[in-house]
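The values are calculated or read from the model by the stated rules, or taken from the named source; none is laboratory data. Please read all numbers here as calculations on a predicted model, not as lab measurements. Heads up, the Cβs are rebuilt from the backbone with ideal geometry, glycines too, and the neighbour counts pull from every protein chain shown. Side chains are part of the model used for accessible areas, which takes the heavy atoms of the whole protein and leaves out ligands, DNA and RNA. Shrake-Rupley method; radii C 1.70, N 1.55, O 1.52, S 1.80 Å.
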Amino acid sequence: MDSNILNNLQLTKVAVSKIDTFDFENVKFGAKFTDHMLTCAYKNGEWGALEIKPYAPITLDPSARVFHYGQAIFEGMKAYKQDNNDIWLFRPDENFHRFNKSAIRLAMPTIDETRFIGGLKELIKVEKEWVRKGLGNSLYIRPFMIATESGVIASPSSEFLFCILLSPAKSYYSGKIKVQIADYYSRAANGGIGAAKAAGNYSAQFYPTKLAQEAGYNQVIWTDSTHTHLEESGTMNVFFRINDTLYTAPTSDRILDGVTRKSLIALAEHLGYQVKIEPVKVEAIIQAAKEGSLKEIFGAGTAAVVNQIEGFAYKDDYYELPNIADEDAYALQLKNALTKLQNKLTDDPFNWTVKI
Ligand SMILES: *Cc1c(COP(=O)(O)O)cnc(C)c1O
């Protein structure tokens, strides 16, 4: 960490905090934000000073490149408060490195660890009252970067804005979801930007997801270019349990390298489950569903941690998964183990948690 950068941070506090009127019990995920945000501008080939200031709209030229050519990337992570008021991040280095990988893929500048992780820690110190104790409570962290240079010229911007927003989150039970396996649309291409956390990956999937929802499903599970292998779901990586073995696809340039995915793989192995990281064929999953050896499918991502799937559609057929008891569900065992570790309610043998 470069202490000069942190010493030069400009802090402007709100006159009156919103916290006293904030309804922490009924927060909708990602809908409301804390009092302050962190910003940092890139210009003339370098990042400028960090600023923490009141959460407010930002003004951009209407020709700013982000609006026309989609140079926009983001991250998603969480902070947790322990009973003794210590605040913890979970594997922030993973998000930091992934952010820079996304930046490189979209021809955007990388950012240094001091501005990303150091800046985030300073912002959370200012907003510490917004991190609530108790299992299920967290502060969702949304770092992002956009191209701000003006001009409708189809070339990379030379000016950017880095920003971090904070949003109080509460885990809720969303119920099991129904998914549709993609057999026409794709969210990512070979050699494309699927492995980057790029804003455009989401716009690519909204329309097919809407069609799936109209047909009665909550989400799409994306497949490869030939629709032969199962890859990932909307905002989550996917795990399949056949008998007592967990399968998940290896990461590739079409699949986001999820922090939850890699943490669940390590935890599952630690708990003695058999895990196989290999391409998962649509055909194999259908066969397993027909034979009754397919026990579970679940998505894994920072926002919901784990999302259990009750059944899937492929072309004209729907396959229902067995109704497995909560205590026998790998999805819930792993979710429990991960959220307890993140909330410092158990040991952290992997050294994943980082104190602020
Ligand atoms: C963010 C994201 C995930 C999950 O990643 P985590 O690091 O576990 O939150 C999975 N797939 C896509 C497409 C994503 O954008």
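Across the chain, the relative contact order, built from alpha-carbon pairs under 8 Å that are at least six residues apart, equals 18 percent. The equivalent ellipsoid that matches the C-alpha gyration tensor of the range 1-101 spans semi-axes of 26, 20, 18 angstrom, in descending order. By DSSP, the beta bridges lying fully in the chain are antiparallel in about 80 percent of cases.
Across every pair of non-identical alpha carbons in the chain, the mean reciprocal distance, once inverted, gives a Kirkwood radius of 21.5 Å. In this view, the solvent-accessible surface of Asp326, computed with a 1.4 Å probe and all protein chains in place, comes to about 100 Å². The alpha carbon centroids of the range 342-356 and the range 275-330 are separated by 29 Å. The range 120-191 and the range 7-42 have Cα centres spaced 15 Å apart. Taking N as the residue count of the range 267-356, its C-alpha radius of gyration divided by 2.2 N^0.38 Å amounts to 1.29. Put simply, the convex hull of the Cα atoms in the range 3-169 casts, on average, a shadow of 10.4 nm².
Checking every one of the chymotrypsin sites (Phe, Trp or Tyr not before Pro) in the range 104-202 against DSSP loop status and a limit of 12 other Cβ atoms within 10 Å picks out Tyr172, Tyr173, Tyr184. Relative to the longest principal axis of the Cα atoms of the chain, the long axis of helix 92-105 lies at roughly 90 degrees. Here the relative contact order of the range 177-342, from alpha carbon pairs under 8 Å that lie six or more residues apart, stands at 25 percent. Considering only DSSP beta bridges with both partners in the range 177-342, what is the antiparallel share in %, to the nearest 5? Within the range 177-342, antiparallel bridges account for around 70 percent of the total. In the range 177-342, the convex hull through the Cα atoms has an average projected area of 8.9 nm², a quarter of its surface area. Among Lys315, Lys133, Lys262, the order of accessible area from largest down is Lys315, Lys133, Lys262, computed with a 1.4 Å probe on protein heavy atoms.
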